[in-house]
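Every read-out reported here was derived from the displayed coordinates using simple, explicitly stated rules and does not represent laboratory data. Predicted, not measured: the structure shown is a model, and the values here were computed from it. Every residue, glycine as well, gets a Cβ built from its backbone with ideal geometry; the counts of neighbours run over all protein chains shown.
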Amino acid sequence: MQKSVIRKIYKKIKEYDTIVIARHLGPDPDAVTTEIALRDSIKATFPKKKVYAVGASVSRFNTFGKLDKIKEDELVNPLLIVVDVPNISRIDGVTFSLYKEVIKIDHHPYEDAMGKIEMVDTNSCSAAQLAAEVILNTRLVMTKEVAENLFLGIVSDSDRFLLPYTSSKTFDIVNKLIKNTNLDFSKSYNKLYERPLDEIRFQGFIAMNMVVTENGLGYMKITAEDVKKFNVDTSTASNMVNNFNFIKGIKVWVFITEDEKNNVYKINIRSRGPIINKVAAKYNGGGHQFASGIRTSDKEDIDKLINDLDDVCKNKN
């Protein structure tokens, strides 16, 4: 089944002269590395094609490559490839209804149908792993730069191969990325893990002030003033949420960051056992069983969410 879908994806890529690749709002490294890697691979294979990776840029992800700005009304018969997002409402940078044909490549639990060709595998640790499968099993070119981005996407979303979504296939693919391109993966880690001192201090602030309930829920409400005080941005907490894994006594942890500019709260949830994506869905969020996210402008939702997550921890006792 997977090989058949991969062949269909490659056939469509060959067919279209203009291709737009998009991912989800509030991107993580997996989303950004996947869309850039896929763009660069297609361009290396078909230099005459116009291929764009779109969405709002995040300054700390600039090391992965630059994103493109497009004028959708000027594109001629474009193909849309959507990566790392299961629902149409969370696609960033495109007007979904303008595209006649859409390909979805995703590893989240299935939500919205997007097109006739969909490569959805919840057993995959990352969108980058799926994109690597497409490239490795077709005539798409795998450059060292493409391999590096895919490697970093896999490492990031598997939390350095610690999460249960990691499989033997994950290691097989990583081995091919390194072996086929002579990738110096140890040097690549700086792009993921190098941090300014302000962020390290901010992480310490979270650790010192995180509330932990008797049921094993750890939560931190981060105000706009906190963000300004530490000279970080509203995405910083979400990018360090995995750093709080393996804390004894904490089953689920959630960071709630106030984004004053966009009048929204960015919420990132992680779990070491209790299933959390059903709770996230209740507040119009979603994700994996043990890694989910929410965006809400309703402040009342926050205390309700904390109570619901605490109940999930309690019921896991």
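In debye, nearest 20, what is the charge dipole magnitude of the range 197-315 about its Cα centre with +1 on Lys and Arg Cβ and -1 on Asp and Glu Cβ, if you could check? Don't jump to the answer; show the numbers that get you there.
Working: 16 positive and 16 negative charges, 81 e Å.
With only Lys, Arg, Asp and Glu charged at Cβ, the dipole is about 400 debye.
Neighbouring Cβ atoms within 10 Å as the yardstick, rank Asp17, Asp259, Asp106 fewest first. Spell out each step's value before the answer.
Numbers: Asp17 13, Asp259 18, Asp106 25.
Sorted ascending by nearby Cβ count, the order is Asp17, Asp259, Asp106.
Of Ala56, Ile103, Ile70, which is farthest along the charge dipole of the range 56-110 in the positive direction, counting Lys and Arg as +1 and Asp and Glu as -1 at C-beta? Looking along the dipole axis, the top candidate is Ala56. Only Lys, Arg, Asp and Glu carry charge here, each on its Cβ (+1 for the first two, -1 for the last two); on that basis the chain has a dipole of about 1020 debye about its Cα centre. Couplings 3J(HN,Hα) of the range 168-182, computed from phi: 4, 4, 4, 5, 4, 5, 4, 4, 5, 4, 6, 5, 6, 10, 6 Hz, in residue order, whole Hz [Karplus 6.51 cos²θ - 1.76 cosθ + 1.60, θ = phi - 60°; x for Gly and Pro]. Relative to the longest principal axis of the Cα atoms of the chain, the long axis of helix 2-15 makes an angle of roughly 60 degrees. Using 0.36 nm per residue and subtracting the Cα-Cα separation, the extra length available between Lys304 and Val212 on full extension is 31.5 nm. Compared with the dominant principal axis of the Cα atoms in the chain, helix 29-45 is inclined by about 10°.
For the chain, the longest principal axis of the C-alpha atoms and the axis of helix 127-136 are separated by about 20°.
Using θ = phi - 60° in the Karplus curve 6.51 cos²θ - 1.76 cosθ + 1.60, the 3J(HN,Hα) couplings for the range 86-103 round to x, 10, 4, 5, 9, 6, 9, x, 9, 9, 4, 5, 7, 9, 6, 10, 9, 10 Hz; x is entered for Gly and Pro.
Across the chain, the relative contact order, built from alpha-carbon pairs under 8 Å that are at least six residues apart, equals 13 percent.
Taking amide H as placed 1.01 Å from N in the peptide plane, Leu163 has no amide H partner under 5 Å among residues 5 or more places away or on another chain.
Using the 10 angstrom Cβ neighbour count as an exposure proxy, how do Tyr283, Tyr110 rank, fewest first? Please report the intermediate quantities before stating the final value.
Working: Tyr283 18, Tyr110 12.
Final ranking by Cβ density, sparse to dense: Tyr110, Tyr283.
Run down the lysines and flag those whose C-alpha is under 16 Å from the C-alpha of Lys144, throwing out any fewer than 8 positions away in its chain. Hits, sequence-local ones excluded: Lys43, Lys176, Lys179, Lys187, Lys191. Ordering Val94, Ile21, Asn123 by Cα displacement along the dipole of the range 2-192 toward the positive end leaves Ile21 in first place; charges were set at the Cβ atoms of Lys, Arg (+1) and Asp, Glu (-1). Put the Cα centre of the range 47-126 next to the Cα centre of the range 241-317 and the gap is 25 Å. For Lys248, the lysines whose Cα comes closer than 16 Å to its Cα, not counting residues fewer than 8 places off in the same chain, are Lys314, Lys316.
What value, in deg cm²/dmol to 500, does the helix sum -39500 (n - 2.57) over DSSP H runs of n ≥ 4 give at 222 nm once divided by the residues of the chain? Write out the running numbers ahead of the final one.
Details: 11 runs with 123 residues, N = 317.
Helix contribution divided over all residues of the chain: -12000 deg cm²/dmol.
For GluC sites (Glu not before Pro), the sites in the range 150-219 that DSSP calls loop and that have at most 14 other Cβ atoms within 10 Å are Glu194, Glu214. The ranking of Lys251, Lys8, Lys100 by Cβ neighbour count inside 10 Å, starting from the fewest, reads Lys100, Lys8, Lys251. The 3J(HN,Hα) values that the Karplus relation (6.51, -1.76, 1.60; θ = phi - 60°) gives for the range 158-163 are, in residue order, 8, 6, 6, 6, 8, 7 Hz. Gly and Pro appear as x. Within the straight-line cut-off of under 18 Å between alpha carbons, the aspartates and glutamates reachable from Lys3 are Asp106, Glu118, Asp121, Glu133, Asp172, sequence neighbours fewer than 8 places apart in one chain being disregarded.
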